[in-house]
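Asker: Got a structure for you, questions after.
The values are calculated or read from the model by the stated rules, or taken from the named source; none is laboratory data. What you see is a predicted model, and the numbers here were worked out from it, not measured in a lab. With ideal geometry, Cβ positions are generated from the backbone for all residues, glycine too; neighbour counts draw on all protein chains shown.
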Amino acid sequence: MSQTVLPDPASATARSRVRYGVLIFACTLSMITYLDRACIAAAATWIQQSLGLKSRGDLGIVFSAFALAYALFEVPTGWLGDVFGPKKVLIRIVLWWSAFTALTGLAGMSIGGAFIGLGALVVIRFLFGMGEAGAYPNITRALHNWFPVQERGRAQGAVWMAGRILGGLTFVIFGVLIAGISAWNVSPLMTWRQAFWVFGAIGVVWCVGFTLWFRDRPEQKPSVNEAELAWIRSSAAETQASRPRVPWLEILSSRNLWAVSLMYVCLAYGWYFNITYMAAFFEDRYAVPVGSLLTNLYKGGPLLLGAVGCLVGGLLTDWYVQRTGDRRWGRRLFGVVGLSLASGVFIVCSLVCRRVPHALWFALLLSLTGFFADLTMPSAWSVCQDIGRRYAAIVAGFMNMVGNLGGALASYVTGRILTHSLQSYSAKMDMPVDVMSVAQKAEGYLAGYETSFLVFAAVFAVGALSWLLIDASRPVARE
């Protein structure tokens, strides 16, 4: 057993709490990340209409473009954070992705005689993913610098909880801005295009505050007192600055690194449905009104309940590590349990998809998949700190890179499954897709959703087994 319970080097009452300011900036950044990431799913119906697309699956290439770019640039941007510090890198990241969030609002417009069509939108979302890559690895680097090992699970849980909350509420926020609230006589406040421009501006505001307040390391912040610094550095062997030379061969040959990456591929594959086709599913299966406040809560349910899962998972993994000193099972246990239960719920979703008559009950089922899957998130990102140590951002970046390749694959494959399902139904009915009614298209997609749920269940099961190969007590490189 790996004993990692460390004594408190100073009285808790004497410590300053500056590190929680770092956590607030990390949480707000996580929220903005999910706001800008999920808004395209909330706007999918409007974008599909603006581009003249025939099938839900036609947007799959747009979703995949983001995930692919996000994956490819994770490791380089994580490496930059380890070498140069997270502050400069995070400022560049947020400004870049904010610009391309705003540019997404041009989809379907003609500018200077040029139509911003599907191809241009794919390029914009690819560049958006390139810009957002490295956000969470550099957040992990910052938390690694500012928090001792005993508090990492809770800190990671708070960051992911914040992101999930706003990701889930994005559907509500977008619906209110674009469609208003008819029950309360609230009129729409802007077009869907303008919403993207506003969301892009929010990131710029965050950068201003972050630039003025944040420092890469607690030693650089005068308001950190000696007691808090001693507490943060109680795991000093793991929090020293990175060496200029990175032992890439040693890191990349680590079984631990590949095990955690395989697990994250599986987690991302099933989770990406929440920010790609979830909203379309409720519109197709239950014909929910696009602008309804209640139905927008349904669409965000897996992210909102996932936020609770992030918090609970963070508390549980830290509690286990503090109680037993066993980091291996303290991280592993909740990953196995979370993904196993999420897999089981997805099987249920596939079996009862045609039988559940009301959107509320199916929303609760899908929300449970979000809760159970997100129990694993704090453990996954804490493992990156545990095994990465001074290379925490590189390890986190690699895990997130490989994981989001799974997300890119899921976005494409799910889109093809839905398109194939619609085409098969069209052939069965001997009716071209172009002349099918909305209700007929919805029926045509249904078998595709059922198949996709079973695929998610199988992939989550593989992810649960992958946790058994992960040892959080074994670093990827020698100190």
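Asker: Anything in the stretch 15-32 that is over 9 Å from V159 (Cα atoms), out of contact with any Gly (no Cβ under 8 Å at 6 or more places or on another chain) and not polar (S, T, N, Q)? List them, or say none. Lay out the reasoning, then the answer.
Answerer: Residues of the stretch 15-32 over 9 Å from V159 (Cα atoms): 15-22, 25, 32.
Restricting the remaining residues to those that are out of contact with any Gly (no Cβ under 8 Å at 6 or more places or on another chain) gives 15-22.
Hits for the stretch 15-32 are R15, R17, V18, R19, Y20, G21, V22.
Asker: Just to be sure I understand, how many residues within the stretch 56-111 are modelled with pLDDT of 90 or more, under 25 Å from L143 (Cβ atoms), among the β-branched types (V, I, T) and out of contact with any Gly (no Cβ under 7 Å at 6 or more places or on another chain)?
Answerer: Number of matching residues: 1.
Asker: From G448, G406, G397, which residue is assigned to a helix (DSSP H, G or I), touching a Leu at 6+ places or on another chain (Cβ under 6 Å) and buried (at least 20 other Cβ atoms within 10 Å of the Cβ)? Give the steps one after another, and end with the answer.
Answerer: Details: G406 fails: touching a Leu at 6+ places or on another chain (Cβ under 6 Å); G397 fails: touching a Leu at 6+ places or on another chain (Cβ under 6 Å).
From the options G448, G406, G397, the qualifying one is G448.
Asker: Any chance you could count how many residues in the stretch 104-121 are in contact (Cβ under 8 Å) with a residue 60 or more places away in the chain and more than 20 Å from the chain's Cα centre (by Cα)? If you could, list the steps in order and put the result at the bottom.
Answerer: Residues of the stretch 104-121 in contact (Cβ under 8 Å) with a residue 60 or more places away in the chain: 104-109, 117-118, 121.
Those left that are additionally more than 20 Å from the chain's Cα centre (by Cα): 105-109, 117-118, 121.
Qualifying residue count, the stretch 104-121: 8.
Asker: Also, I was wondering about something else. Report the residue count in the stretch 282-333 for those that are of a type in the set (S, T, N, Q), buried (at least 24 other Cβ atoms within 10 Å of the Cβ) and more than 15 Å from I165 (Cα to Cα).
Answerer: Of all residues in the stretch 282-333, those of a type in the set (S, T, N, Q) come to 292, 295-296, 317, 322, 324.
In the following step, the residues that additionally are buried (at least 24 other Cβ atoms within 10 Å of the Cβ) were identified as 296, 317.
So of that shortlist, the ones also more than 15 Å from I165 (Cα to Cα) come out as 317.
Qualifying residue count for the region: 1.
Asker: Check S343, S350 and return the single one that is more than 21 Å from G313 (Cβ to Cβ), of a type in the set (S, T, Y), assigned to a helix (DSSP H, G or I) and over 16 Å from the mean Cα position of the chain (by Cα). Even if it seems obvious, please write down each step before you answer.
Answerer: Working: S343 fails: more than 21 Å from G313 (Cβ to Cβ).
Step by step, each of S343, S350 is checked, and only S350 is more than 21 Å from G313 (Cβ to Cβ), of a type in the set (S, T, Y), assigned to a helix (DSSP H, G or I) and over 16 Å from the mean Cα position of the chain (by Cα).
Asker: For the stretch 313-340, what are the residues that are more than 29 Å from M278 (Cα to Cα) and either more than 22 Å from the chain's Cα centre (by Cα) or free of Cβ contacts under 8 Å to residues at least 60 places away in the same chain (or both)?
Answerer: Once the filter is applied, which keeps residues that are more than 29 Å from M278 (Cα to Cα) and either more than 22 Å from the chain's Cα centre (by Cα) or free of Cβ contacts under 8 Å to residues at least 60 places away in the same chain (or both), the stretch 313-340 yields W319, Y320, V321, Q322, R323, T324, G325, D326, R327, R328, W329, G330.
Asker: While we're here: Go through (1) under 17 Å from M263 (Cβ atoms); (2) in contact with a Lys or Arg (Cβ under 6 Å, 6 or more places away or on another chain) one by one and return the number of the condition A393 breaks.
Answerer: (1)
Asker: Continuing with the same structure: Looking at S64, S30, S50 in this structure, which one is over 30 Å from I251 (Cβ atoms) and of a type in the set (S, T, Y)?
Answerer: Numbers: S64 fails: over 30 Å from I251 (Cβ atoms); S30 fails: over 30 Å from I251 (Cβ atoms).
Answer to the check: S50.
Asker: Restricting attention to helices (runs of 4 or more DSSP H) lying wholly within the stretch 163-268, give those where 2 or more residues are surrounded by 20 or more Cβ atoms within 10 Å (Cβ to Cβ) and modelled with pLDDT of 85 or more. Step through it out loud before you land on a result.
Answerer: Numbers: elements: 192-213, 226-232, 236-239, 248-252.
Passing ranges, in order: 192-213, 226-232.
Asker: Working only within the stretch 462-479, note down all residues that are in a helix (DSSP H, G or I) and crowded, with 20+ Cβ neighbours inside 10 Å. Steps first, please.
Answerer: Here is the first cut: in the stretch 462-479, the residues in a helix (DSSP H, G or I) are 462-469.
Of everything in the stretch 462-479, those that are in a helix (DSSP H, G or I) and crowded, with 20+ Cβ neighbours inside 10 Å turn out to be G463, A464, S466, W467.
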